[in-house]
Every structure is written in C-alpha cells, then in structure tokens.
Amino acid sequence: MTDLSAPIKPAAMTMEAHSPGLALRSLVIGLTAFLTVVDLFATQAILPSLTRHYGVTPAAMGFAVNASTFGMATASLVVGFFSPHINRRAGILLSLALLAIPTSLLASAPNLAVFTALRVAQGLCMASAFALTLAYLGEQCSAMDAGGAFAAYITGNVASNLIGRLISAAVADGLGLAWNFYLFAALNLAGAVLVYFTIRRVQPMHAMVPADSPLAATIAHWRNPHLRAAYGIGFCILFAFIGTFTFVNFVLVRPPLSLGMMDLGLAYFVFLPSVFTTLLAGKVATRLGTRPTIWGSLAVAGLGLPLMLTPHLGEVLTGMVLVGIGTFFAQAAATGFVGQAATGNRGVASGTYLACYFCGGLVGTAVLGRLFDAFGWQACVAGVGVALGAAALLTFALRR
C-alpha cells in the first residue's frame, strides 16, 4: 500500500513524448509505479511457506517480511530532506537498479536475520525511487496533466498489491521460493529499463530549493497540529492494513478454510475493487471534505473486521475487500490533505508523512504479530479495530 502526496506545479516539460497518446502515457506511468513497489507486499502471499522454510513463528516471519517498511520510512525522510538536490532521472534509475541486488539475494538468505536485513535494503531502494518519481511528476507535468499522471501512478501502486501477490504465489507454488525472488529482481531491472527510455533528462532543480533548511521545515510541520494529526492517521492506516493482510494469510491456510498456495494468491483479487474506488478519492474529498471522506472510509474498513472472524470463506473475503477499499481510500484522502495543509516545503512534509506511515506498518507488524501468536486471530482483529478508531479520532483535528 502506497501514497500520493507530491506537490503539483505547472511546468512545460512532461513525460517523454514518444508515447503517442494520453492512454499510452498513463500506461507507462502506471507501469513504472507497479515495477517500483511490486516487491513491497508481494512476499505476504508466501508468508506461510517462508514460515515453514525458516522454522519460525508467524509473528517473527511477519516482522521480517515487513521490515521493508523500516527502510521505506528511513529513505522517505532522507529523500524528503535532500530531494531538491537530487537529479530525478539518475536517482530513480540507480534506485531501481540497486533494488534488484537485495531482491535476488533473498533467494539464498541463510537465516531470518539476513532475510530481514535484505528486506530493509529493499525498502530503502523502493522508497527512494517512489519519492523521486512523485517529485518528478509534480515538477515536470503541467497543471492540466498532473491529475491524470497522479491518477495513473496511484492506480499502478494499488494494482501492485494484487498482481504482485498473484505472481509471488504462482511462482513459489510452481518453481519454488528461490525463483520467486529471482523473478522479482528481473522486474526491478525492467523498471530501470522503462525509466531509462521514458523519463527525459532534466536539469537539477536548484531554482526550486526552499529558503528554509529541511530541519527548520520539519520542525515547522510538526508544530502544525493539522499535519501532526495527518501523520498520526497515516501511521494508524498502515498499522491496520498490514495487521490485516499479513496475518490473515495464516487464517486462510489453516482449517476450516485450508487454502492451498495458489488459492491463497487468487484470494488477493480482493484488491481489484480498490483499483477502481481509490481513483475516486480525490473527487469525493473535494466534494464532501477531507474529514467526512476519511470517516466514511474508516467505517467501511471497520465493517469488514467482524466478517473476517467467521469460518466461511466468502464472508472472510468480503471483509478483506472492505478493509482494502476503506484503508486505500482513507490513505488517498489523507495524503491529499498533507499536500494542501503544508504551507511550505511540501517535499519535507510528504517525506515526514511517508516516514510516519511506514513506521505504522512496522509497529503494526510487531504489535499485532505478538497478539496473533499469543491470543489468536480475534485479538489481532481487535488491534486493527483500535487502530482504525484512533485514526477516526485524529481526523477531528484536520483543518486546512
């Protein structure tokens, strides 16, 4: 699950013109997004197999797999601080090329500690490419084109949650765990190749360097109560999302549901509705306001929680659909709010939001994993409900 909150500024240059039409340009942008973050949650689809392979508990394996969020949080802060001085094209290319290294090494990770470290390295590379691509689109697309460009990018991100899991489950089931990681390394390199041919060379954005230092801007943003609330909402959203879609895998493969590896991958078609509904978040927030939009989204996610406690597959999948739609929608509305509420240096504001967001995922994995191991799925779902409730309370503080 990823977000979209880069500043949008009018500019003359756009994505490379050798895409002949708007549809092809949108496809290229969406595919770039997909190849950038496809590794982030794809490994969740093979969590039960990895748990058996390393002989550890679900909580330990869940934490290792989601350790990438720590790398994502760290890189988001660093890129937010130094973004004005980084050449977009070179940074994205280097990040995607380097991403293939830890991805391929995961195939032969000898123990859980090495696996965890490699996932952190993946997160560093993914977040760097992700943040720089958002910055590039915000700076190089015209004001008229920016809406379509960002819509295409967020659609690619949401689609990666579905297709990445399907690919991971299918390859691991048919060829084994190692080939799963080799394939994703190849996808990382394909992303680098795509960027090489579709993002034009641009001059470093020295003219856009903010007057305030990154540290001063960060302090100013944290003093803004509305931004603090948005950061907390982002933390709670990924806390809930990861808690749901990490540990539900173990519920799906155990009796009475007892899904096989390929069936587990197919279960993630629950993300398909989110691909379409998330695109409406901006329009809904504009029409209804940010707070009603987030409250409604969190309510939809909350309705899915009791359904996931039943022993019936159809109801569990319906619950997963509702949690996916609600959290993605709330995430899109919250990130849009950050871009509007930040009065200056939006790159730092977005980077801070992303850091809080991904920290929520890491903390959610640790806390809810402990609950899952000690007290079972019901306690884990209760923890998810508490996170959604906290996000709803924080939404009271959102004001532009």
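Only one of these conditions is not met by V300: (1) surrounded by 21 or more Cβ atoms within 10 Å (Cβ to Cβ); (2) more than 15 Å from the chain's Cα centre (by Cα); (3) modelled with pLDDT of 90 or more; (4) under 25 Å from Y153 (Cβ atoms). Which number is it?
Checking V300 against (1) surrounded by 21 or more Cβ atoms within 10 Å (Cβ to Cβ); (2) more than 15 Å from the chain's Cα centre (by Cα); (3) modelled with pLDDT of 90 or more; (4) under 25 Å from Y153 (Cβ atoms), the one that fails is (1).
Among residues belonging to the range 96-114 that are buried (at least 18 other Cβ atoms within 10 Å of the Cβ) and without any contact (Cβ under 8 Å) to a residue 40 or more places away in the chain, point out the one that is nearest to M126 (Cα to Cα).
For the range 96-114, the residue satisfying everything is L98.
Among the listed residues G324, G232, which satisfies the condition of being under 24 Å from A170 (Cα atoms), small (G, A, S), surrounded by 15 or more Cβ atoms within 10 Å (Cβ to Cβ) and under 20 Å from the mean Cα position of the chain (by Cα)?
Details: G232 fails: under 24 Å from A170 (Cα atoms).
Selected residue: G324, the only one of G324, G232 that is under 24 Å from A170 (Cα atoms), small (G, A, S), surrounded by 15 or more Cβ atoms within 10 Å (Cβ to Cβ) and under 20 Å from the mean Cα position of the chain (by Cα).
Looking for something surrounded by fewer than 16 Cβ atoms within 10 Å (Cβ to Cβ), in the same structural domain as A390 (by TED's automatic domain parsing) and more than 30 Å from F81 (Cβ to Cβ) - is there at least one such residue anywhere in the range 237-254?
So far as the range 237-254 goes, yes, one or more of its residues are surrounded by fewer than 16 Cβ atoms within 10 Å (Cβ to Cβ), in the same structural domain as A390 (by TED's automatic domain parsing) and more than 30 Å from F81 (Cβ to Cβ).
For the range 331-348, does any single residue satisfy the condition of being within 19 Å of N157 (Cα to Cα) and at pLDDT 90 or above?
Within the range 331-348, none of the residues are within 19 Å of N157 (Cα to Cα) and at pLDDT 90 or above.
Looking only at the range 363-387, filter to residues that are in contact with a Ser or Thr (Cβ under 9 Å, 6 or more places away or on another chain) and buried (at least 23 other Cβ atoms within 10 Å of the Cβ); which one of those is farthest from G234 (Cα to Cα)?
Among those residues, the one meeting the criterion is F372.
Name every residue in the range 301-356 that is farther than 16 Å from A391 by Cα and either assigned by TED's automatic domain parsing to the domain that holds M126 or aromatic (F, W, Y) (or both), in order of residue number.
If the condition is that a residue be farther than 16 Å from A391 by Cα and either assigned by TED's automatic domain parsing to the domain that holds M126 or aromatic (F, W, Y) (or both), then no residue fits.
Would you be able to say whether some residue in the range 29-44 is surrounded by fewer than 18 Cβ atoms within 10 Å (Cβ to Cβ) and either modelled with pLDDT of 90 or more or β-branched (V, I, T) (or both)?
No: zero hits.
The values are calculated or read from the model by the stated rules, or taken from the named source; none is laboratory data. These figures come from a predicted structure and were not determined experimentally. All Cβ positions, even for glycine, are placed from backbone atoms using ideal geometry, and neighbour counts span all protein chains on display.
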